[in-house]
Amino acid sequence: MIKGFKEFILRGNVIDLAVAVVIGAAFTAVVNAIVSALINPLVEIFYKPNENGEFGPTITGIYGQAVTFPLGGLLTAIISFFAVAIVVYLVFVYPMNRWKAIAAARAGVGAEKSEEPKLPTEQELLVQIRDLLERQNDRA
């Protein structure tokens, strides 16, 4: 039973998915704090916040009302996504893939691949076809 559980956990992307969910949730709060403390004030240098606290380019609408395109939420979402994705990949996915490759090499999985015959490339096949056609033309 324990062996089956171990195979289930180590199979596919179960560990990658679990780690991504946990770390993503925890790291998102840190990234949001960094964006709101550093990035948003930098953007506010160029755009004055409106009465709702949103900042970004303001355009006067057709009926004379001011319309603000809020950049804060967009910047926060984009930076959070990339930061979480990079951390999850570098800390968990890349090491897990390396570990799986090392485990496969130890198990001899790579040795089976080297026993397969090498297929000819497209260029080699075209040369063979050309040679066959030349031989047929010489006979005729």
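The values are calculated or read from the model by the stated rules, or taken from the named source; none is laboratory data. No experiment lies behind these values; they were computed from the predicted model shown. Every residue, glycine among them, receives a Cβ derived from its backbone with ideal geometry; neighbour counts consider all protein chains shown.
From G64, G53, G4, G73, which residue is loosely packed, with under 12 Cβ neighbours inside 10 Å and either on the phi < 0 side of the Ramachandran plot or part of a helix (DSSP H, G or I) (or both)?
None of the other options fit; the residue is G4.
Can we say N40 is surrounded by 11 or more Cβ atoms within 10 Å (Cβ to Cβ) and modelled with pLDDT of 75 or more?
Numbers: surrounded by 11 or more Cβ atoms within 10 Å (Cβ to Cβ): yes; modelled with pLDDT of 75 or more: yes.
Yes: the conditions hold for N40.
Does region 105-127 hold any residues that are in a helix (DSSP H, G or I), surrounded by 11 or more Cβ atoms within 10 Å (Cβ to Cβ) and at pLDDT 75 or above, and which are they? Full working, then the answer.
Narrowing region 105-127 to residues in a helix (DSSP H, G or I): 105-107, 109-114, 122-127.
Checking the rest, the ones that are also surrounded by 11 or more Cβ atoms within 10 Å (Cβ to Cβ) come to 105, 109-110, 125-127.
Selection gives A105, L125, L126, V127.
Please indicate, with yes or no, whether at least one residue in region 105-125 is touching a residue at least 24 places away in the same chain (Cβ under 8 Å) and closer than 30 Å to V19 by Cα.
The initial filter retains those residues of region 105-125 that are touching a residue at least 24 places away in the same chain (Cβ under 8 Å), namely none.
No, the conditions are met nowhere in region 105-125.
(1) part of a helix (DSSP H, G or I); (2) loosely packed, with under 10 Cβ neighbours inside 10 Å: which one isn't true of I78, the others all being true?
For I78, the exception is condition (2).
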